[in-house]
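Down below is the structure, laid out as structure tokens.
The values are calculated or read from the model by the stated rules, or taken from the named source; none is laboratory data. In this text, all values refer to a predicted model and were calculated from it rather than measured experimentally. Counting neighbours? That spans all protein chains shown, and the Cβs are built from the backbone with ideal geometry, glycine included.
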């Protein structure tokens, strides 16, 4: 293992998963190997339908892989749930809970006491300037605000690995850029291990320490790319020539896939 | 919006008043006999003269219906949650629940009286059965309707079965529960009347039978007025309870009329 000084939060080795459709076995994931080191921001990027959500379900323990091992914090955890925090594509807030209770009830699931959960939810909502909507129901919030609440909910769960599944896909471009900067700021202050999924190459380059480029189904890792830009990331990092070069590389991989490698 | 809402209340009231006025006029003009069709005025006078007795009977029916509805609600929710948690039992019992709703009260009532006598017990059992089915069925449907995204989210963060029920499935089924409860509330009063008609010594059903046997048509209409009013109260109590409970949805206009929107 490279970098044996830093502990791995997540290690996937030889993950294979197929679904049965009719009489056929359709492989979705084929020999996936990847790691997320402690405090590292790792992004998976790949064409749609490349099984990224399936991969998350395996890590979350909702489904089991046919072959391969999933190790979180040094423990083999296949099929074990309750070890990660998670932010889905849609904000997935509970409409009948106030903004604060949406966060605090997730913290209770993660093992916090009710009072401490409510208190920390409130503190953080105020810190991100959403204190004034803490008692409101989610439907009064804008899409961007709902995503902030959803991210905060994932961040505050005291779990070492955060899995973010295309969290900004549904937002408009301006809100999206704004959310990326906001998320980076919060994350750089906290440095949790993150596994992030996106379709946007810019987003991946902007946020990550490393990127895994996945092939289309059955998905496998085409290339692992370390992102060299210093942290905290400058807002105009996308103007850097190295950024443009990396973007071109990833785009070519996504477009031509295996033929480039072979 | 306030204007529209006021109209929504005023218009039916005015329509009712016009109807009652025409009725009174028809009775007066054609000199219809009270034993054929009593005029609204006759009915009002009879109700006033009987008011002490009528009050007692209304109260008896109200109590019976309320206890029946409450027990039906509690048992209905409990059974639905149980069937939901054990899928095998749900598959076995859900179709039977639907079938059992078709058993006519008029057949069930006398049987219950044979088994449990003429006291309050058989009537209460009847009412509980009447309220239980719509409540259990609607909430059973509602429990399975929770949003898949939220279900997936709870799965991914490792929520337990109990948490899934408490945080997601039960709150998501509340609006279904209330639509079942609305049906139960409309049935419960008329079912109480049927039960009292079959055998009782108090309640509006009993009063109705008494008046009917005595050819006191004004009295019969008087009991109809009480029954309709009581049903109305039950129905809108449920609508009100729903409004107070489900506050997280942006309110749609004119929903107080329930089904129509």
Counting only residues that are in a loop (DSSP other than H, G, I, E, B) and at negative phi, how many does the range A:51-109 have?
20
May I ask you to list the residues in the range A:119-145 that are in a helix (DSSP H, G or I) and within 23 Å of the chain's Cα centre (by Cα)?
A:120, A:121, A:124, A:125, A:127, A:138, A:143, A:144, A:145
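Here's the yes/no breakdown for (1) at pLDDT below 90; (2) within 14 Å of chain A (Cβ to nearest Cβ):
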position	(1), (2)
B:79	no, no
B:98	yes, no
B:140	no, no
B:156	no, yes
Do we have residue A:217 as part of a loop (DSSP other than H, G, I, E, B) and within 26 Å of residue B:159 (Cβ to Cβ) here?
no
Test: residue in the range B:73-82 that is exposed (fewer than 11 other Cβ atoms within 10 Å of the Cβ) and more than 17 Å from residue B:231 (Cβ to Cβ):
no
Just checking, does the range B:101-109 include any residue being in contact (Cβ under 8 Å) with a residue 24 or more places away in the chain, surrounded by 15 or more Cβ atoms within 10 Å (Cβ to Cβ), in a helix (DSSP H, G or I) and within 19 Å of the chain's Cα centre (by Cα)?
yes
Any residue at all in the range A:130-150 that's at the interface with chain B (Cβ under 10 Å from one of its Cβ atoms), buried (at least 19 other Cβ atoms within 10 Å of the Cβ), in contact (Cβ under 8 Å) with a residue 60 or more places away in the chain and out of contact with any strand residue (DSSP E or B) (no Cβ under 7 Å at 6 or more places or on another chain)?
no
From B:64, B:105, residue being assigned by TED's automatic domain parsing to the domain that holds residue B:201 and farther than 16 Å from residue B:207 by Cα:
B:105
Give A:70, A:103, A:59, A:84 a once-over and let me know the one that is in contact with a helix residue (DSSP H, G or I) (Cβ under 8 Å, 6 or more places away or on another chain), within 13 Å of chain B (Cβ to nearest Cβ), buried (at least 20 other Cβ atoms within 10 Å of the Cβ) and within 30 Å of residue A:249 (Cβ to Cβ).
A:84
If we keep only residues of the range B:155-177 that are crowded, with 22+ Cβ neighbours inside 10 Å and touching a residue at least 24 places away in the same chain (Cβ under 8 Å), then the residue nearest to the chain's Cα centre (by Cα) is B:177
Just to be sure before I move on: is residue A:42 within 21 Å of the chain's Cα centre (by Cα), in the same structural domain as residue A:252 (by TED's automatic domain parsing) and surrounded by 21 or more Cβ atoms within 10 Å (Cβ to Cβ) in the structure I sent?
yes
Do we find that residue A:112 is within 13 Å of chain B (Cβ to nearest Cβ), buried (at least 21 other Cβ atoms within 10 Å of the Cβ) and modelled with pLDDT under 95 in this structure?
no
Quick check on the range A:32-50. Is at least one of its residues modelled with pLDDT under 90 and outside any loop (DSSP other than H, G, I, E, B)?
no
